[in-house]
Each structure stands twice: as C-alpha cells, then as structure tokens.
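First the structure, in the form of structure tokens, and then the observations on it.
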C-alpha cells in the first residue's frame, strides 16, 4: 500500500517507538496524527513533522472517536499504528504470604485496559472509518499495525500483566485480520525485543545498564532503536501481501526468566 498521501493515526506517538514510527511515516509522505496523553511532547512532535496532535487516552472511547474523526477530516485515514502501552512489573504472589501482598488486581486490570482493550477499541473505531473509504487499486482500504512485545512469548518474572496484554494482541491478530478482510483492511503485529527508549532513563548509569542488557541479545549485541522498529512497521504497511502475521524484531533474543 502506498503510504504517501494517506493519513496515519499513531497512538503512543509522543515518544519512543511511537515517535520513531510517526517520523518515518511523515518522511514517507503521510499526514500523521500524533495521538498521546503527553500533550507537550505530542504537540512538539506534530509540529516537527507537520502533522496534527490529538489528546488520546486509549481507555476512553470518546477520545478515540474524536481522534479518528480528526484524522478523517485531514484526508483518507488508511493507516493505524497502535503503540500506546504501559509495562509496570509486579509478582503474582508477595514474599510475606499475605493476601494484601499479592499482585494488585486493579493494576492488572489497568495494564489490560490500556494495552489490550485500548488497542482493540482503536481498531474497531478506525476500522469502521476505513470501511467507508473507496478501495485502492490493490483492493485495500487500509492497513493496521499493532505493537506487541516478545514478552507475549517470553514473559519474565513480574510481567504477568504485561505479558497477558501483549499476548492478547498477538492472539487477536489473526481473527481481527479475518474480520477486516471483508473491508479490505490488513492487520499485522510487530513484537519488539529490547528497544532503546526513554523507559531506561538517561545518563552514564542508564547507558551502562543498557549495555549490560544488550549483552543478552543474540546478534547484534545491543538494544534495538525505535527507527529499526519503525522500519518494520512501514514494511507491514507497504507490503500488500503481508497479513495476519506477527513479526519479532528482537536481534534473536529469547528472554530469560529474569
């Protein structure tokens, strides 16, 4: 599918992988709607790439509908990239044997609500808008890429909630792609490994920590970059024969228990 001339909506686009995707899409000629809860960073990126900003909490269907309508007013919304997510860590059972020290259930529900339910809500609303477009010469009306994680397959200690949410994204890729085939919309998922994003902090200690993490990667022995992830996202969008697939971009890493 041709990216140039299309409107793209990217969630979680104010920083990290989402920002890398937004920049790549803009460079490829798309009009990008930067959707995020971080207003200052989101607006700054939108200005940088001549796009638009939408304040979107993906747990709010009203926010999602408003963003999809905003994107549709800019042209043909044919691209959706779901990158919004959180990843707090907590063990399932606490060390002291009390019920109170078990994994906070509200935290588990919050991770699922943002990472999984938010992704599906974006798909169903944006997919509906795409269904109203005229198909391209390829028969496509649009393409969707979700960001999961290798934690969907190799979840570590403390990642019960995060792995559940990302595993859910992997699990829904095929059935949603089957659903959206009827309207000519492809759905793929990219599962990143260890990516160098602001989550690791800044400074000398952060760089040392990232270097140690990189040693666990098969090859190359380093963290991936947001731009490397964005490259795969764009390939998923461009390649009209790539559908219902989950692609790991992880340097060959298989995560250990901890």
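For the reader, a short list of remarks on this structure follows.
- Among the listed values [x] 18.8; [y] 14.1; [z] 16.9, the one computed from these coordinates for mean projected area of the Cα convex hull in nm² is [y].
- Sorted on the mean count of surrounding Cβ atoms within 10 Å across their residues, most packed first, peptides 1-8, 100-107, 141-148 read 141-148, 1-8, 100-107.
- Based on DSSP H segments of at least four residues, each scored -39500 (n - 2.57), the chain has a per-residue ellipticity at 222 nm of -12500 deg cm²/dmol.
- Distribution of pairwise C-alpha distances over the stretch 135-258, 5 Å bins, in %: 2, 11, 18, 20, 19, 13, 8, 6, 3, 1, 0
- Relative contact order for the chain, counting Cα pairs under 8 Å that sit 6 or more residues apart, in percent: 20 percent
- Overall Cα dimensions of the stretch 70-214 - principal axes, largest extent first, Å: 59, 39, 27
- Put simply, when 38-51, 156-169, 203-216 are sorted by average Cβ atoms within 10 angstrom per residue, most first, you get 156-169, 38-51, 203-216.
- Using alpha-carbon coordinates, inclination of helix 160-180 to the longest axis of the chain, degrees: 20 degrees
- Between the stretch 34-78 and the stretch 95-139, the C-alpha centres lie 17 angstrom from each other.
- Cα long-axis angle, helix 204-214 against the chain (0 to 90 degrees, to the nearest 10): 80 degrees
- Mean silhouette area of the stretch 1-129, derived from the convex hull of its C-alpha atoms and averaged over all directions, reads 8.6 nm².
- Shown is the FRET efficiency for residue 157 and residue 109, computed with R0 = 22 Å from the Cβ-Cβ distance and rounded to the nearest 0.05: 0.60.
- Most mobile of 138, 31, 189 in a GNM of the chain (Cα contacts under 10 Å): 138
- The stretch 85-150: relative contact order as a whole-number percent, Cα under 8 Å and 6+ apart: 23 percent
- Rounded to 10°, Cα long-axis angle of helix 61-73 versus longest principal axis of the chain: 40 degrees
Read-outs throughout are calculated quantities, based only on the coordinates presented, and are distinct from any laboratory measurement. These numbers were taken from a predicted model, which means no experiment stands behind them. Ideal geometry is used to build each Cβ from the backbone, glycine not excepted, and the neighbour counts take in all protein chains shown.
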